[in-house]
Amino acid sequence: MAIDEMERKLRPPEIALKPYLPKIITLASGEKMVVREARREETGTLLGTIYPLIGVPTDFYDIVAVRMYAELLGWYRYRVANEFVIVGAIDGVIAGLVTSRHVSSKLGMSLHTLTIKRGLRVGAQLFAAKMEHHLDDLGEEEVHIVAESPNGFKRWMIEYQLEDRSSQFPDVRHELGGVPTYVLTRKLWEAVRDIKCTGTRPVVEQDLKSAEKLIMPSEYPQIPGFKR
Amino acid sequence: MTANVGIVGIGHTRFGNSSEYDLADVMAYAATDALQDAEFLERRREIDQVIVGNMASGLFCHQSAVASSLVSRMDMEPVPAELVENGPASGASAIKIGYMAVASGMADIVLVAGGEVMRKVSGWTATENVATMLHTEAEYNMGLTLPAFGGMFTRLYMEKYGLTERDLALLAVKNHKNGAKNIYAHIQLPCTIEAIADGPEAAVVNNYIAEPLRMYSTCPVSDGGAALLLVNMDSPKAKYFKKQPVRIAGIGSATDTHCVHNRKDPLRLEAVRLAAEKAYRMAGVGPADISFAELHDAFSILELAISEEVGFFERGTSYLAVRKGETDIDGRLPINSSGGLKAKGHPVGATGVSQVVELVRQLRGEAEEGRQVKDPRYGMSVNFGGFGNNVVALICAKVEG
């Protein structure tokens, strides 16, 4: 068996996912953030973007960055089934990104949300976009969610009033280490969608073009004095 | 009681998230900053009295006796130290007590420090902790919180005077613009009216906290400390200090009913009016003499309501002045040049001291470029405790060299 053939056998079966349509959000600062699906060939830029955060323990950036690094590499190397990545870009510069996985027609598995530009609820918008894709586009009935940090717990578990299914372990378990699993059901999503999820579609050509080529941030509020 | 009390040193931490630090360390940072500003750090044991303003270290940090802790952290024993608590007006009350210590003749040099570390707990718990200052049976036990009061007050004001949510957003734009230039501000990001009020995504970007109050009409939960060094300018010790002092010209404070529903008109902030009147009387000035003001905008509506109660504007008209830019940094009467509680942040025990630090910076001409008020002579601060049931107003004056 040729090496290439063996490698192909290692790949998971893939379900062709409905694409996530780009949208644009005017952040409180007035900056316009294009939210769109990342392409596999952009993995290098995404990895380069999150790599510096692997060494930042504050607010659990280290564990989120390192796990997201693995998820992106897994996506690039075809080692994760039905993964999708959504990115937020301001003038092309990556402001944040989210990773997630379509498990079945009924279930989504939220992986990670990483915010680079802080103070403008970029992470909140990208998380909402991820849920929008799972429940509105892919038609899943529920999404399993965990949090690495208290910030995540506040933003997702409390603000979305997620269902705590941790008592149903091991029947209900998130893929990320068997930690307590919370669930966004369709009913919960419909209750919060209008107050959590926004964005204008279609995105005009000029704005879309600004996010065509993703750019790694040149500064990180999490890393004072950072130079690329 | 009037005395010739000058502020000769100011200190401030950057407000924001200091939850990894001990409250005493946060206050010690600000106090050290103030002593360095006064060039008095080495002689700190000659200070006669330390007064600390703090609202709820027991609830937020499971910590008590923070005045003693601060003195020890500063290596200042055996200087006497006491704690003053008056809800979110604890800071200004600490200044008032410090002033009284000098005026009584018991002290010539007083260090006043205010501080709070609130972010060791979640925002919801912080809101709940702050709500414990409400009336236990009639308000707190019914589930009322300060944002809830802010929302109801805003709704009443809107119905009576025609204020709109967009007017509140204009206040946020103004205060964030100032805060973006303030090195001590928690939130140093400007915001635009399109993004938080006019644009198609505004309703989510600027979501409701307690309708009709939105996120950009509500202060953040902040940690931080601020400090002042007060000196009896008639004492021989005044010669220790080289910087031109800023004089505390007037202080007034007043209380109102603990239960908001017991007020004849829930839109009236009687304690604000009375505190301001006392401060004006003591300073020998009136509203027209004030060059700029720091008003307690824990919720944006309070900036408007307080500015009317202290006599800057006719009742129900302050928002029209905001529309015209009269309270902008280059307007007729700049309000919240620091960014206010909205952008600078609101570590409850520190706020009253922080407001006066801003008055001193402005009167010294030391504010950052783009937010320095032109030729100020008198600055006023209003620190608001409870939902207006215990208020302290201060007036600081420039001393010509």
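General observations
- In summary, residue A:167 fulfils each of the numbered conditions (1) within 15 Å of the chain's Cα centre (by Cα); (2) assigned to a helix (DSSP H, G or I); (3) more than 14 Å from chain B (Cβ to nearest Cβ) with the single exception of condition (1).
- Close Cβ contacts (under 6 Å, 6 or more residues apart or on different chains) running from residues in segment A:37-65 that are under 16 Å from residue A:96 (Cβ atoms) to residues that are among the polar types (S, T, N, Q) and not in a helix (DSSP H, G or I) comprise A:56/A:222; A:59/A:149; A:60/A:149; A:61/A:222.
- Residue tally, condition in contact with a strand residue (DSSP E or B) (Cβ under 7 Å, 6 or more places away or on another chain), surrounded by fewer than 24 Cβ atoms within 10 Å (Cβ to Cβ) and not in a strand (DSSP E or B), over segment B:15-25: 2
- Residue list for segment A:153-189, filter: touching a Lys or Arg at 6+ places or on another chain (Cβ under 9 Å) and among the β-branched types (Val, Ile, Thr): A:172, A:179, A:181, A:183
- Index of the failed condition, residue A:195 passing every other in (1) assigned to a helix (DSSP H, G or I); (2) closer than 22 Å to residue B:122 by Cβ; (3) touching a residue at least 24 places away in the same chain (Cβ under 8 Å): (3)
- Test for residue B:293: is it on the phi < 0 side of the Ramachandran plot, at pLDDT 95 or above and not in a helix (DSSP H, G or I): yes
- Candidates in segment B:114-141 are the residues that are among the aliphatic types (A, V, I, L, M) and open to solvent by 30 Å² or more (accessible area, probe 1.4 Å); of these, the one that is farthest from the other protein chains (Cβ to nearest Cβ) is B:138.
- Selected residue (only one of B:370, B:349, B:340, B:388 is open to solvent by 10 Å² or more (accessible area, probe 1.4 Å), small (Gly, Ala, Ser) and modelled with pLDDT of 95 or more): B:370
- Pair list, Cβ under 9 Å, 6 or more apart: segment B:172-189 residue assigned to a loop (DSSP other than H, G, I, E, B), other residue among the acidic types (Asp, Glu): B:181/B:368; B:181/B:369; B:182/B:358; B:182/B:368; B:183/B:368; B:184/B:358; B:186/B:223
- Members of segment A:32-66 that are touching an Asp or Glu at 6+ places or on another chain (Cβ under 9 Å) and of a type in the set (Gly, Ala, Ser): A:55
- Any hit, segment A:143-158, residues being outside any helix (DSSP H, G or I), over 15 Å from the mean Cα position of the chain (by Cα) and modelled with pLDDT of 95 or more: no
- Taking every residue in segment A:135-151 that is within 14 Å of chain B (Cβ to nearest Cβ) and pairing it with any residue that is among the aliphatic types (A, V, I, L, M) and part of a strand (DSSP E or B), at least 6 positions away or on another chain, yields no pair with a Cβ-Cβ distance below 9 Å.
- Filter result (more than 14 Å from chain B (Cβ to nearest Cβ) and touching a helix residue (DSSP H, G or I) at 6+ places or on another chain (Cβ under 9 Å)) within segment A:186-228: A:186, A:189, A:190, A:213, A:214, A:215, A:216, A:217, A:220, A:223, A:226, A:228
- One residue stands out among those in segment B:158-171 that are surrounded by fewer than 24 Cβ atoms within 10 Å (Cβ to Cβ) and part of a helix (DSSP H, G or I): the one that is nearest to the chain's Cα centre (by Cα), which is B:170.
- Residues (surrounded by fewer than 24 Cβ atoms within 10 Å (Cβ to Cβ), at the interface with chain A (Cβ under 9 Å from one of its Cβ atoms) and under 12 Å from residue B:371 (Cβ atoms)) located in segment B:172-189: B:188
- At least 1 residues being at positive phi and touching a residue at least 40 places away in the same chain (Cβ under 8 Å) is the threshold, and among the helices (runs of 4 or more DSSP H) wholly inside segment B:296-393 those reaching it are B:340-344.
- For segment A:159-170, the condition of being under 24 Å from residue A:53 (Cβ atoms) and modelled with pLDDT of 90 or more holds for at least one residue.
- Matching residues in segment B:197-217 - criterion: being within 25 Å of residue B:351 (Cβ to Cβ), within 13 Å of chain A (Cβ to nearest Cβ) and either touching a strand residue (DSSP E or B) at 6+ places or on another chain (Cβ under 8 Å) or free of Cβ contacts under 8 Å to residues at least 40 places away in the same chain (or both): B:206, B:207, B:208, B:209, B:214, B:215, B:217
The values are calculated or read from the model by the stated rules, or taken from the named source; none is laboratory data. All values reported here derive from a predicted model rather than from experimental measurement. For neighbour counting, all protein chains shown are included, and Cβ atoms are generated from backbone atoms with ideal geometry for every residue, glycine included. Note: accessible area is taken over every heavy atom of the protein model, side chains too, but ligands, DNA and RNA are not part of it. Shrake-Rupley method; radii C 1.70, N 1.55, O 1.52, S 1.80 Å.
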